[in-house]
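**Student:** My structure is below; once you've seen it, I'll send some questions.
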Amino acid sequence: MSNKKNEFQSVGQAIRDLLNTYRLSGKYDEASIIDSWERLVGKPIASRTRKVTMRNKVLFVEFDSPTMRHDFSLHKAEVLEIFRKEFGDGIVTEIVAM
């Protein structure tokens with residue numbers, strides 16, 4: 001008999017381990033954040049968004065009008081906090097409205 005202990009882990013943890021092994025966890029996090037944009041900011045803001053991209057933990061959001069960009073910039077800290085609560089600290093460090 002071996003002293004090896006049987007270890008079980010959740011499917012989610014197994015997938016996260018696999019992503020880390022192949023150094024894909026950053027890309028997975030980026031895709032999850034971009035896909036969650038409408039759910040987290042709401043349909044009114046998402047419908048006025050042209051493009052959402054992410055690079056080096058910075059979320060770039062392109063709006064369809066300067067007015068919307070300005071309005072969003074007034075609430076950017078609140079939106080950043082929503083993303084931090086959803087995904088944890090350090091995943092999104094800044095949001096740039098364009």
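The values are calculated or read from the model by the stated rules, or taken from the named source; none is laboratory data. Worth saying up front: this structure is predicted, and the values here are computed from it rather than measured. Cβ placement follows ideal geometry from the backbone for every residue including glycine, while neighbour counts extend to all protein chains displayed.
**Student:** Please pick out the residue among Ile45, Ile95, Ile34 that is assigned to a helix (DSSP H, G or I) and modelled with pLDDT of 90 or more.
**Tutor:** Values: Ile95 fails: assigned to a helix (DSSP H, G or I); Ile34 fails: modelled with pLDDT of 90 or more.
Exactly one residue qualifies, and that residue is Ile45.
**Student:** Can you name the residue in the range 48-63 that is part of a strand (DSSP E or B) and among the charged types (D, E, K, R) and is also farthest from Leu80 (Cα to Cα) among such residues?
**Tutor:** Arg50
**Student:** Additional query: Collect the residues in the range 77-98 that are loosely packed, with under 15 Cβ neighbours inside 10 Å and not aliphatic (A, V, I, L, M), keeping them in residue-number order.
**Tutor:** Those that are loosely packed, with under 15 Cβ neighbours inside 10 Å and not aliphatic (A, V, I, L, M): Glu78, Glu81, Arg84, Lys85, Glu86, Gly88, Asp89, Gly90, Thr93, Glu94.
**Student:** Separate question: Do we have any residue at all in the range 15-35 that's within 13 Å of Ile95 (Cα to Cα) and touching a Ser or Thr at 6+ places or on another chain (Cβ under 8 Å)?
**Tutor:** yes
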